[in-house]
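A short worksheet on the structure shown next.
The values are calculated or read from the model by the stated rules, or taken from the named source; none is laboratory data. None of the values given here were measured: they were computed from a predicted structure. Note: ideal-geometry Cβ built from the backbone for every residue, glycine included; neighbour counts use all protein chains shown. Side chains included, ligands, DNA and RNA excluded: accessible areas come from the protein's heavy atoms. Shrake-Rupley method; radii C 1.70, N 1.55, O 1.52, S 1.80 Å.
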Amino acid sequence: MSGKEGSGGFRKRKHDNFPHGQRRDEKENVNPSSALMTSFKSFQLELDTRHDKYERLVKLSRDITIESKRTIFLLHRFTSAPNGEEILNESEVKLDAVRRKIKQVAQELIGEDMYQFHRAISPGLQEYVEAVSFQYFIKTRSLISVEEINKQLIFTAEDREETTNMTSNSHDKQPHTWSLKVTPVDYLLGVADLTGELMRLCISSVGNGDIDTPFELSQFLRQIYDGFTFIGNTGPYEVSKKLYTLKQSLAKVENACYTLKVRGSEIPKHMLADVFSTKTELIDQEEGLS
């Protein structure tokens, strides 16, 4: 054992040679107005501001998700409602409220790189894509494009009654515009979630006596599935992860069409939905065992 290690066998640290009081005096003697301290204070302020903005965006994304889900629940009543036009009009009002939330997100991202905050807003945008594409399908029986979605997300100051964070000078009367673009990945993930809602629409349509909708949905879902298989493993991980759920939804709709075609004449219309629900549970059990 060397003499440097002492009797306890532990080597002394370099700063142990200085008394604690001396180190405390050195800390108190730090000049708060020095260039180094000023730089660190500016870094602290910048990080706190960015963190606060991130939290605000997370809260807005949650609000967008909640309102979009409520719109989807409303649209599922379209097949059973006596007046479907009222359901579509009410859903448009709800989607306008969602777009006002998205406008607040666009205002928060002015002068910022959207991809630095993408994880905060991505869940809400995906849910919005799902809701607006579901409404578009009910209206037109086709899939809305990402360009059409982004056209709806260009806002001006006249879109709402009060304008915040704006001065009241005369030169501010020129229109202020904000926009938020849905990324291709968010669009694909929203469309993948749409297939689950279309599968539910298929089952509820059969329960209401609509025999044509399941075959139409089967062809539509097959086209979406073929499009996703072209992406395969070359796309983002989240997209390939959604492919399994999309395949499940397609299998359930195709199973419903098979039952309608083969046994539709044997089963009363009011019992078809129960038969599909039972078959769907069996498919889920088989896939869970495999």
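Quick look at the values:
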{"item": "Scan of the stretch 78-104 for residues that are more than 23 Å from the chain's Cα centre (by Cα) and either at pLDDT 95 or above or not in a loop (DSSP other than H, G, I, E, B) (or both), ordered by number", "result": "Phe78, Gly84, Glu85, Glu86, Ile87, Asn89"}
{"item": "Matching residues, the stretch 205-236, being under 19 Å from Lys261 (Cβ atoms) and among the small types (Gly, Ala, Ser)", "result": "Ser205, Gly207, Gly209, Ser218"}
{"item": "From Gly227, Gly288, residue being small (Gly, Ala, Ser), assigned to a helix (DSSP H, G or I), farther than 17 Å from Gly209 by Cβ and modelled with pLDDT of 85 or more", "result": "Gly227"}
{"item": "The stretch 236-249 residues that are outside any helix (DSSP H, G or I), paired with ones that are open to solvent by 40 Å² or more (accessible area, probe 1.4 Å) (beta carbon under 7 Å, 6 or more apart)", "result": "Pro236/Val185"}
{"item": "In the stretch 201-242, residue surrounded by the fewest Cβ atoms within 10 Å (Cβ to Cβ) [restricted to those that are among the acidic types (Asp, Glu) and over 24 Å from the mean Cα position of the chain (by Cα)]", "result": "Asp212"}
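Residue by residue, here is whether (1) modelled with pLDDT of 95 or more; (2) touching an Asp or Glu at 6+ places or on another chain (Cβ under 7 Å); (3) crowded, with 16+ Cβ neighbours inside 10 Å holds:
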{"position": "Lys53", "(1), (2), (3)": "no, yes, yes"}
{"position": "His118", "(1), (2), (3)": "no, no, no"}
{"position": "Tyr128", "(1), (2), (3)": "yes, no, yes"}
{"position": "Lys139", "(1), (2), (3)": "no, no, no"}
